[in-house]
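A short write-up of the structure that comes next.
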Amino acid sequence: MQTLLGKHIILGVTGGIAAYKCAELVRRLRDEGAEVRVVMTQSATEFVTPLTFQALSGHPVHTDLLDTEAEAAMGHIELARWADGILIAPATANMIGKLAQGIANDLLSTLCLATEAPIAVAPAMNHIMWSDNATQDNIATLKNRHIYIFGPAFGTQACGETGEGRMLETHELIEKLDSLFSHESLSNTRVLITAGPTYEAIDPVRFIGNRSSGRMGFAIAQAAIEAGAKVTLIAGPVNLQTPHKVERIDVESAHQMYQAVMSQVAEHDIFIATAAVADYSPIETHDQKLKKSEEMLSIHLHRNPDILAEVAAMNKLFSVGFAAETEHLQDNARKKLKSKQLDMIAANQVANMENPDEDTGFNSEYNALDVYWPEGYIQLEKARKTELARKLIELIAEHYKTKH
Ligand code: PMT
């Protein structure tokens, strides 16, 4: 199993006798390479002490919604964002009822409302409680909301009776959690992305650059992480925060970007070239600041290597280019798709630089993409770059899988 490797898992423990089994669950999750934080309800602490889970997870256990110390370190919103997945085990009938009703009166139930990560519950209760209509209605509600239900199993219960209501065994919970993540479209895939502009130095203070902000490339890096990929982002000079879990390499010039990409190619499966790379750079970079003298100044430029074309020509990585065009979007994009031998190209019309907020393409929150591949084409309507990036990543994943 590889899919839990590096995953951030919140284990929510509620007050049932099966809570003792979760000590082993924490250990097994860590053996699988997951990072685990434990959140306990008050009644869970009656069954197992937080200290047990602290020792096993290697982190303080979270128990209170309004805990000033925890808020300073990792409050409920940070925890909700940190999680790649939440597993509630054991999940009591009470907690299942609260989730179904959207009640948020303790840390765990609040977290579940505040997270965008997938949630799974592993019910554990007496078999009559489990089969009660109220519990079954609540379970149906959770399923409708795409909350995963792991178990319960049939067997002897702590109360001495036999029936359906036992929490699944540790190895079964691990397998189910693993399969939940293996549905991610890019799990076990390594994605290399370039983003932002490049600066080509003229002298120590001047350069030739462009208006790329890096937003499109950073949004794609984030979307690829969400899809389960391992991501390396090679960024030109931009002022953006690195998305969580992304490995970032900073460069300035086209030449540095070329070297960084070439050093990473062998380690990756997909290459997405979002960067606006300078096609030319000054032949000479002056050591000292240029002084004004003549009326006219000529700067001689030479062609930079075409990073994308070189990577695509190796025929090893699924290669996706971008094309920023001010005219003949379709024709130019198709030409680039063919001439650079790409698997896919995303073309964006760029215009009206004076009002980037209202616009698409360079230095805007928004974009619209016409995506071409050798046999087809799709239009992705204007949307936030974060939203478009998710759609593009799903498209790339689909085509990448077909090719392999
Ligand atoms: O960064 P943002 O502000 O969010 O803006 C996003 C964007 C507009 C920069 C982005 O969506 C985009 O279109 N990037 C490509 C910009 C471009 O000018 O492409 P191009 O037509 O020059 O190059 C075509 C492709 O070849 C691109 O994938 C480019 O990364 C790649 N290329 C180009 C030249 C070069 N020397 N090496 C390359 O790898």
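Here GLU247 passes the criteria (1) surrounded by 24 or more Cβ atoms within 10 Å (Cβ to Cβ); (2) within 19 Å of VAL261 (Cα to Cα) except the one numbered (1). Is it true that some residue in the range 279-295 is within 25 Å of ALA221 (Cα to Cα), hydrophobic (A, V, I, L, M, F, W, C), away from the ligand (no atom under 12 Å from the Cβ) and open to solvent by 40 Å² or more (accessible area, probe 1.4 Å)? Checking the range 279-295: not a single residue is within 25 Å of ALA221 (Cα to Cα), hydrophobic (A, V, I, L, M, F, W, C), away from the ligand (no atom under 12 Å from the Cβ) and open to solvent by 40 Å² or more (accessible area, probe 1.4 Å). Within the range 284-303, not a single residue is in the same structural domain as PRO237 (by TED's automatic domain parsing) and touching a helix residue (DSSP H, G or I) at 6+ places or on another chain (Cβ under 7 Å).
Looking only at the range 284-302, which residues are of a type in the set (A, V, I, L, M) and modelled with pLDDT under 95? Even if it seems obvious, please write down each step before you answer.
Initial filter on the range 284-302 (of a type in the set (A, V, I, L, M)): 290, 296-297, 299, 301.
Result: LEU290, MET296, LEU297, ILE299.
State yes or no: is ILE208 away from the ligand (no atom under 12 Å from the Cβ) and not acidic (Asp, Glu)? Explain how you work it out, then say what you get.
Values: away from the ligand (no atom under 12 Å from the Cβ): yes; not acidic (Asp, Glu): yes.
It is true that ILE208 is away from the ligand (no atom under 12 Å from the Cβ) and not acidic (Asp, Glu).
Taken as a whole, the structure places PRO305 among residues that are modelled with pLDDT of 95 or more and not aliphatic (A, V, I, L, M).
Inspection of the range 181-201 finds a residue satisfying the criterion of being buried (at least 20 other Cβ atoms within 10 Å of the Cβ) and assigned to a helix (DSSP H, G or I).
The residue of the range 213-226 that is nearest to the ligand (Cβ to nearest atom), among those that are surrounded by 24 or more Cβ atoms within 10 Å (Cβ to Cβ) and farther than 15 Å from ARG248 by Cβ, is MET216. Is the range 246-269 home to any residue that is of a type in the set (Val, Ile, Thr), modelled with pLDDT under 95, under 18 Å from ALA397 (Cβ atoms) and away from the ligand (no atom under 13 Å from the Cβ)? Yes, some residue in the range 246-269 is of a type in the set (Val, Ile, Thr), modelled with pLDDT under 95, under 18 Å from ALA397 (Cβ atoms) and away from the ligand (no atom under 13 Å from the Cβ).
The set of residues in the range 296-307 being closer than 30 Å to GLY217 by Cβ and either in contact (Cβ under 8 Å) with a residue 40 or more places away in the chain or of a type in the set (A, V, I, L, M, F, W, C) (or both) consists of ILE299, LEU301, ASN304, PRO305, ILE307.
Residues of the range 336-354 that are within 11 Å of the ligand (Cβ to nearest atom) and surrounded by 16 or more Cβ atoms within 10 Å (Cβ to Cβ): LYS336, LEU337, LYS340, LEU342, MET344, ILE345, ALA346, ALA347, ASN348, GLN349, VAL350.
Evaluation of THR326 against the conditions (1) within 11 Å of the ligand (Cβ to nearest atom); (2) modelled with pLDDT of 95 or more shows that the sole unmet condition is (2).
Matching residues to (1) more than 9 Å from the ligand (Cβ to nearest atom); (2) over 24 Å from the mean Cα position of the chain (by Cα); (3) surrounded by fewer than 18 Cβ atoms within 10 Å (Cβ to Cβ):
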{"site": "ARG303", "(1), (2), (3)": "no, yes, yes"}
{"site": "ALA309", "(1), (2), (3)": "no, yes, yes"}
{"site": "VAL320", "(1), (2), (3)": "no, no, no"}
{"site": "ASP331", "(1), (2), (3)": "yes, yes, yes"}
{"site": "ARG334", "(1), (2), (3)": "yes, yes, no"}
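Selection of first residues in the range 61-78 that are of a type outside the set (Val, Ile, Thr) and of second residues that are at pLDDT below 65, restricted to Cβ pairs under 7 Å at least 6 apart or on distinct chains, gives the following pairs, ordered by first then second residue: HIS62/ALA70; ASP64/ALA70.
Among the candidates ARG37, ARG28, the residue that is in the same structural domain as ASN94 (by TED's automatic domain parsing), open to solvent by less than 80 Å² (accessible area, probe 1.4 Å), basic (Lys, Arg) and assigned to a helix (DSSP H, G or I) is uniquely ARG28. Among the residues of the range 367-404, those identified as in contact with a strand residue (DSSP E or B) (Cβ under 6 Å, 6 or more places away or on another chain) and among the hydroxyl-bearing types (Ser, Thr, Tyr) are TYR372, TYR400.
Only residues that are out of contact with any helix residue (DSSP H, G or I) (no Cβ under 7 Å at 6 or more places or on another chain) and over 12 Å from ALA83 (Cα atoms): list them for the range 110-133, please. Steps first, please.
Going residue by residue through the range 110-133, those that are out of contact with any helix residue (DSSP H, G or I) (no Cβ under 7 Å at 6 or more places or on another chain) are 113, 116-117, 126-128, 130-133.
Passing the criteria: LEU113, ASN126, HIS127, ILE128, TRP130, SER131, ASP132, ASN133.
Starting from residues that are of a type in the set (A, V, I, L, M, F, W, C) and surrounded by fewer than 16 Cβ atoms within 10 Å (Cβ to Cβ), keep the ones in the range 130-179 and report whichever is farthest from the chain's Cα centre (by Cα). Selected residue: CYS159.
The values are calculated or read from the model by the stated rules, or taken from the named source; none is laboratory data. It should be emphasised that the depicted structure is a prediction, and the values quoted were computed from it without experimental measurement. FYI the Cβ positions are ideal-geometry reconstructions off the backbone, even for glycines, and counts take in every protein chain you see. Heavy atoms of the whole protein, side chains included, go into the accessibility calculation; ligands, DNA and RNA do not. Shrake-Rupley method; radii C 1.70, N 1.55, O 1.52, S 1.80 Å.
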